[in-house]
1. Quick one: is residue 89 hydroxyl-bearing (Ser, Thr, Tyr) and closer than 26 Å to residue 62 by Cα?
2. Tell me which of these residue 43 doesn't satisfy, since it passes every other one: (1) more than 30 Å from residue 124 (Cβ to Cβ); (2) part of a strand (DSSP E or B); (3) not polar (S, T, N, Q).
3. Looking only at the range 88-141, how many residues end up being without any contact (Cβ under 8 Å) to a residue 60 or more places away in the chain, small (Gly, Ala, Ser) and surrounded by fewer than 18 Cβ atoms within 10 Å (Cβ to Cβ)?
4. What tally of residues in the range 136-179 results from selecting those that are charged (D, E, K, R), within 21 Å of residue 30 (Cβ to Cβ) and modelled with pLDDT under 95?
5. Taking the range 217-242 only, how many residues are assigned to a loop (DSSP other than H, G, I, E, B), at pLDDT 85 or above and surrounded by 12 or more Cβ atoms within 10 Å (Cβ to Cβ)?
6. List, please: which pairs have Cβ atoms under 8 Å, are six or more places apart or on different chains, and start with a residue in the range 160-171 that is touching a residue at least 40 places away in the same chain (Cβ under 8 Å) and end with one that is small (Gly, Ala, Ser)?
7. Counting only residues that are under 24 Å from residue 225 (Cβ atoms), give me the strands (runs of 3 or more DSSP E) lying completely in the range 80-181 with at least 3 of them.
Amino acid sequence: MKHLSAASTYSNRNPVKFRIPTSDNLVPIRLDIEIDGQRFRDAFTWNPSDPDSEVVIFAKKTVKDLKLPPAFVTQIAQSIQSQLAEFRSLEGQDMYAGEKIVTIKLDLRVNHTLVKDQFLWDLNNFESNPEEFARTFCTDLGIEDPEVGPAIAVAIRGQLYEIAIQSVASARETRINKKGRRGAEQFPASKAGGTALDLMKSFGYRSSVIRKRREWDVYEPIVDILSNEEVEALEAKEERIARA
């Protein structure tokens, strides 16, 4: 697996303003809407700087293209607007970058392709690019379905977003408890994270994505192409879980 080298990093222990630690501060959007027994699910990224009017335009186009009932327009637009509002409510707040290596896990199915993997991600690199990593991943593993790459990128961005939210909460707690630990220490590097940092330094560069040598065999990416029968069985299982 190729590595993504960092263009720049933030290694200080001072807080930075909230953003997802990637080069493009895009919001991962997930939709799961059901109306009158018809269900629509999708996942994509959205530029929070785009005007709100684009949301309604997107919702109408999606409904038209997929021939969904008109009632989906309002639900799609409201769901996107709600997620954007949550993201924007965090803008301007402090978060800690510091040095932190986290494990990103992939376990997703896109059409007939099943992908499972895990790797370490450097949160200290604000120039990382999940889309670039996803394209490299698909190329290296011979994945032909064009929908898999974007799905992988959204999955990565979703996990990074959750971590960024936790960083904001940590910074807030640090301000409240002045006698607490320094902000960057709220997220101490784990033993695994320390090992990864040592490996990156020995390679002479910093990277957003890295696989530790001792785990290359244990956490090798798994890609399966499912049959129609297997896909139908999985979809039926997903529906049962969703309705439970």
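The values are calculated or read from the model by the stated rules, or taken from the named source; none is laboratory data. Remember, it's a predicted structure, so these values are computed and weren't measured experimentally. FYI the Cβ positions are ideal-geometry reconstructions off the backbone, even for glycines, and counts take in every protein chain you see.
1. Details: hydroxyl-bearing (Ser, Thr, Tyr): yes; closer than 26 Å to residue 62 by Cα: no.
Spelling it out, it is not the case that residue 89 is hydroxyl-bearing (Ser, Thr, Tyr) and closer than 26 Å to residue 62 by Cα.
2. (1)
3. Count: 1.
4. In the first step, residues of the range 136-179 are kept if they are charged (D, E, K, R); the result is 140, 144-145, 147, 157, 162, 172-173, 175, 178-179.
Then drop every residue that is not within 21 Å of residue 30 (Cβ to Cβ), which leaves 145, 147, 157, 162.
From what's left, modelled with pLDDT under 95: 162.
Total meeting the criteria: 1.
5. Step one: of the range 217-242, the residues assigned to a loop (DSSP other than H, G, I, E, B) are 217-221, 226-227.
Narrowing the set further to residues that are at pLDDT 85 or above leaves 221, 226-227.
In the following step, the residues that additionally are surrounded by 12 or more Cβ atoms within 10 Å (Cβ to Cβ) were identified as 221, 226.
The qualifying residues number 2.
6. 167/97; 170/183; 171/183
7. Details: elements: 94-96, 101-110, 113-122.
Per the criteria, 101-110, 113-122.
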